[in-house]
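One structure coming up, written as structure tokens, with questions to follow.
The values are calculated or read from the model by the stated rules, or taken from the named source; none is laboratory data. As the structure is a computational prediction, the values presented were derived from the model and not from experiment. Protein only, heavy atoms only, side chains kept; ligands, DNA and RNA dropped before computing areas. Shrake-Rupley method; radii C 1.70, N 1.55, O 1.52, S 1.80 Å.
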Amino acid sequence: MKKKWANLTPNFYRLILSSASRNIADSFYLIALSLSLVQVYQVDAASLSLFTLVGMLPRLFAAAYGPYLQAIRKNRLAILSLQLVQLLIMVGILLCLLQSWSLPWMVSLNLLFSFVTVCLNNLQMKVIPSVLDNNDDLLDKSVDVQYLAGNVLDITSNFVASVLLGFISYLILM
């Protein structure tokens, strides 16, 4: 067993770690945003559901703009640019919450954040083969590990986030 995992490169571990940390961050982003919407805007459950569904639209239509993302040649520059855009959107979301801007601003920024995240994930998938030196064995292992880790982390981070949401909701209501 030890020999099977002995030829893994540092890039393989970095890839798995970055994928796992993004997965956890996405879960907590949605929980924190939901709590913020309830606290700042006093949205009801139906509005919160609609807000979440609108944020899922970019994933639904990813096939429509996927070919344009595949045509990008400077992947790393595009990834860095999109990460900067994500950071700016997060600043915009924080400003919305701190200044209590109207709810359509929040919906728009969340939709834009979701769109940028989907684009970023697609571009990151393009660079995985070069990050792993086009090694088929490493690519296969990374798919297996990312799939397993993604499922385990989804369940775990969503559970922890739900417990946190329940605890914070309890504190707010009491």
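Extension gain I24-L57, at 0.36 nm per residue separation less the Cα-Cα distance, in nm? Please report the intermediate quantities before stating the final value.
Values: separation 33, 0.36 × 33 = 11.88 nm, distance 2.08 nm.
Taking I24 through L57 to full extension adds about 9.8 nm, to one decimal.
Could I ask something else about it? With θ set to phi - 60° and the Karplus curve 6.51 cos²θ - 1.76 cosθ + 1.60, what are the ³J(HN,Hα) couplings of region 63-71 in order, to the nearest whole Hz, using x for Gly and Pro?
5, 6, 10, x, x, 5, 5, 5, 7
Of the accessible area of region 1-99, with the probe set at 1.4 angstrom, what percent is carbon plus sulfur?
Its accessible area is 70 percent carbon and sulfur atoms.
Mind checking the full-extension length gain between F167 and M90? Use 0.36 nm per residue of separation minus the Cα-Cα distance, one decimal, nm.
Contour length minus the Cα-Cα distance gives 25.3 nm.
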